[in-house]
Amino acid sequence: MCGIVGFTGRREAAPVLLQGLARLEYRGYDSSGLITGTGDSLHLRKKAGRLAELAKEVAARPAPGCYGISHTRWATHGGATDRNAHPHTDTAGDIALVHNGVIENYSTLKHQLQEDGVEFRSDTDTEVLAHLIAHYYDGDLLEAVKNALALVKGTYGIAVVSRKEPGVLVGARLGSPLVLGIGPDGNYLASDASALAGYATQVVYLNDRQICQLDPEAWVIRNQDLDTVDAPVQDIEHFLGDGDADRGDFPHYMLKEIYEQPETLANAMRGRLDEPDATAHFGGLNLTSHELRQIDRIILTACGTSYHAGIVGEYLFEELARIPAEVEYASEFRYRNPPIDRHTLVFAITQSGETADTLAALRESKRMGHTTLAICNVVGSSIAREACGGVYLHAGPEVGVASTKAFTSQVAVLAMLALYFGRTRHLSATQGARIIEELRALPEIVRKTLGCHPRVKEVARKYYTARNFLYLGRQYLYPAALEGALKLKEISYIHAEGYPAAEMKHGPIALVDENTPSVFLCPKGSVFDKVMSNMQEIKARRGPVIAVCSEGDREVAAVADDVIPVPDVPEYLQPIVTAIPLQLLAYEIALLCGCDVDKPRNLAKSVTVE
Ligand code: M6R
């Protein structure tokens, strides 16, 4: 959510900044801006709208200089306008700042500054910080930033420059990621290492409450008292993901990422399935077998799509490992203070590893002394670094705002974890071997499932004008229904609700009419007959039914208006296989509605504010 790129070195800064912002644009895209410096002058350019608007502005009015900072914004305080875009400056234009996060006490600070005569030019919380830094500035930017941050409540990842200290960048973080880059042409700051690909060769991740200073030749990281701290310098390659962030021949990242799933599932399982012992192995759990056997409860915490994967995880741990499990929205869990026993294991599930609520939930669990494990895609992200251990998805960069391949990889990883935990308990070698065989077959089955795309297109054309959709499933397909509904609403802006199919008669069935399609997830399984009864209840009320069902299922075909057949898999893998048509359905409907699939309105890829 919001992206920061800064550079100081021996080449023009603006192209570096624009290129870095292009890599981060999926994190926030309602406005963007940059500021560069020459001598004692700063050159500010900022524009509402997509990054292309800023690029046009810079082409028309070049921003010269070999140092600068830049930002792509997802608005929190103040609309998406030129004047609310970052960087923000103090009144004299001496200090400029870009900021990710939220200054929670900005209103108090703003009143104090206004009483001192400061006039504000934006509606943002960030501008407060620019004025505060200017207030403390006495020839030492680092010191001024430190003093200003001491007054701030909230979260920040910032990059700051001063007209009076050409070539110097100061950065700081608290709750919002910031990474320092080192390259042959100079030094960099960014909210994500991916922005520095092709420029920096090494990176240093800042921890919370650290502050850094860089110029073209040198860099230093300090704590909040400004003592120098040692920080590991690591090769950037390690953090650039296993995959390729280009769209290739696909029209959208989302479609590319949907089609990558046979490979991403294979990558999630590579080297982790152990036939001889009929179990799974993970390099980074950091749990002894004694600790593992002592676990008597599991909490899975996450947001959005990762939360839906968490529900599948809850069912998996209970079924395969017989360990009581529950899933909690991270945003609730972090403040709920539930009683948790000593032998509870907490999983934080996250694609980005930067989701603010999930990070806070993880920290709260750690503070209470629980072992926390991350299931995460982005290597080196805050959650990956702060958890006691974890499992990477190895799904490669997920750029489309709608999460697709991360979801199926999360479910696959959770299935392997449940297998592993189960094999330390009651799960027999025969059962373990069967699960391994089923998992091994999965990438090929998903490849085959992608063959449903032409059929999904037909269905999309028939229903895309509907204003409400219901997604219904039971057992493992209940979270799959939630995920299908989330996909549709976030990229097509059509209202959609996911429900356990049997819950309909307790209220939501009142919504059903001839204009409200219900997407039933009903491949063959233990509750198939029950779901068929639920489908009849919808049909009896003239509701159109789209059924994602087993290939060749005549019973479903006789009742549903439209069917999308998928291959049969064991029930615990059905959320993965049914995700394919649901992702494609959302994609095709969004295209027909003329929506920007990869950058849907109001959203950003990783939600680093509360
Ligand atoms: O990076 P995370 O998995 O922690 O992100 C959690 C949610 O913000 C994310 O899944 C969001 O719901 C997606 N836009 C869903 O497609």
query: Within region 355-383, how many residues are of a type in the set (A, V, I, L, M) and in contact with a Leu (Cβ under 6 Å, 6 or more places away or on another chain)?
result: 1
task: Give region 426-464 a look and list any residue that's open to solvent by 70 Å² or more (accessible area, probe 1.4 Å), within 14 Å of residue 591 (Cα to Cα) and part of a helix (DSSP H, G or I), or say none.
output: 457, 458, 461, 462
- request: Provide a single number: the residues in region 326-357 that are more than 16 Å from the ligand (Cβ to nearest atom) and not in a helix (DSSP H, G or I).
  value: 10
- prompt: Considering region 532-590 alone, what residues qualify as being out of contact with any Cys (no Cβ under 9 Å at 6 or more places or on another chain) and acidic (Asp, Glu)?
  reply: 537, 551, 561, 562, 568, 571, 588
task: For residue 236, indicate whether it is modelled with pLDDT of 95 or more and either open to solvent by 20 Å² or more (accessible area, probe 1.4 Å) or of a type outside the set (Lys, Arg) (or both).
output: no
task: Evaluate region 555-564: report whether one residue or more is away from the ligand (no atom under 14 Å from the Cβ), in contact with a strand residue (DSSP E or B) (Cβ under 8 Å, 6 or more places away or on another chain) and assigned to a loop (DSSP other than H, G, I, E, B).
output: yes
query: If you go through region 348-387, how many residues are over 16 Å from the mean Cα position of the chain (by Cα) and within 20 Å of residue 292 (Cβ to Cβ)?
result: 9
field: Selection count, region 1-57, where residues are buried (at least 21 other Cβ atoms within 10 Å of the Cβ), among the hydroxyl-bearing types (Ser, Thr, Tyr) and in contact (Cβ under 8 Å) with a residue 60 or more places away in the chain
entry: 3
- line: Those residues of region 470-515 which are of a type in the set (Phe, Trp, Tyr), within 16 Å of the ligand (Cβ to nearest atom) and open to solvent by less than 60 Å² (accessible area, probe 1.4 Å) amount to 471
- request: Give the residue, chosen from 129, 169, that is farther than 20 Å from residue 43 by Cβ, open to solvent by less than 10 Å² (accessible area, probe 1.4 Å) and in contact with a strand residue (DSSP E or B) (Cβ under 7 Å, 6 or more places away or on another chain).
  value: 129
message: Residue under question is residue 360, and the condition is that it be buried (at least 24 other Cβ atoms within 10 Å of the Cβ) and outside any strand (DSSP E or B); does it hold?
response: no
field: Restricting region 132-166 to residues that are part of a helix (DSSP H, G or I) and not hydrophobic (A, V, I, L, M, F, W, C), the residue that is surrounded by the most Cβ atoms within 10 Å (Cβ to Cβ)
entry: 146
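The values are calculated or read from the model by the stated rules, or taken from the named source; none is laboratory data. Keep in mind it's a predicted model, so treat the numbers as computed, not measured. When we count neighbours, we look across all protein chains shown, and the Cβ atoms used for this are built from the backbone with ideal geometry, even at glycine. With ligands, DNA and RNA removed, areas are computed over all heavy atoms of the protein, side chains included. Shrake-Rupley method; radii C 1.70, N 1.55, O 1.52, S 1.80 Å.
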